[in-house]
Amino acid sequence: MKERQNRKVSRGFRHARVRRKVTGTPDRPRMALTASNRHLYVQFVDDTNGVTLASASSEKIEGAKKNIATANTVGQMAATAAKEQGITRVVIDRGGFKFHGRIKAIVDAAIAQGLKIRSEEAS
């Protein structure tokens, strides 16, 4: 029988499962999403060179709460930062978090600002 694990350990297993399949390249970097207890973070990472190309976080927003409205703002900020670096296509790394709520709101806001996440959209 599987021993019950805490949320942090379970998220680690989910994150490892996602990272086995998701890798960032210079032309299609990995959009890494993180939600801490206080803030939301987004980084665009080129795994082949091991560098962060652009980033955005809710730390830069005055009086930000960790809610959907803030997630939308962080998604817009992330898309703007990515466009400044010439990034148009990304692959999503949800960091082991379930894809709903704030995490989904960040991605949806970035897509609304023009980032593409699927190869069909690139055509």
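Within the range 100-118, restricting attention to residues that are aliphatic (A, V, I, L, M) and part of a loop (DSSP other than H, G, I, E, B), which residue is surrounded by the fewest Cβ atoms within 10 Å (Cβ to Cβ)? Before the answer, list the steps.
To start, the set of residues in the range 100-118 that are aliphatic (A, V, I, L, M) comprises 103, 105-107, 109-112, 115, 117.
Narrowing further to those that are part of a loop (DSSP other than H, G, I, E, B): 115, 117.
Details: L115: 22, I117: 16.
It comes out as I117.
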Residue tally, condition aliphatic (A, V, I, L, M), assigned to a loop (DSSP other than H, G, I, E, B) and within 15 Å of the chain's Cα centre (by Cα), over the range 60-99 | 2
What are the pairs, 6+ residues apart or on separate chains, where a residue within the range 7-21 that is touching a residue at least 60 places away in the same chain (Cβ under 8 Å) has its Cβ under 6 Å from a residue that is outside any helix (DSSP H, G or I) and surrounded by 15 or more Cβ atoms within 10 Å (Cβ to Cβ)?
-> R11/G96; R14/G96; H15/G95; H15/G96
Residues satisfying the stated conditions in the range 18-76, i.e. surrounded by 21 or more Cβ atoms within 10 Å (Cβ to Cβ), of a type in the set (S, T, N, Q) and in contact with an Asp or Glu (Cβ under 8 Å, 6 or more places away or on another chain) | none
Go through the residues of the range 84-96 one by one and say whether even a single one is at pLDDT below 95, among the hydrophobic types (A, V, I, L, M, F, W, C), surrounded by 14 or more Cβ atoms within 10 Å (Cβ to Cβ) and over 26 Å from S10 (Cα atoms).
-> yes
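The values are calculated or read from the model by the stated rules, or taken from the named source; none is laboratory data. Here the structure is a predicted model, which is why all the values come from computation and not from measurement. Cβ coordinates were reconstructed from backbone atoms using ideal geometry, including for glycine residues, and neighbour counts include every protein chain displayed.
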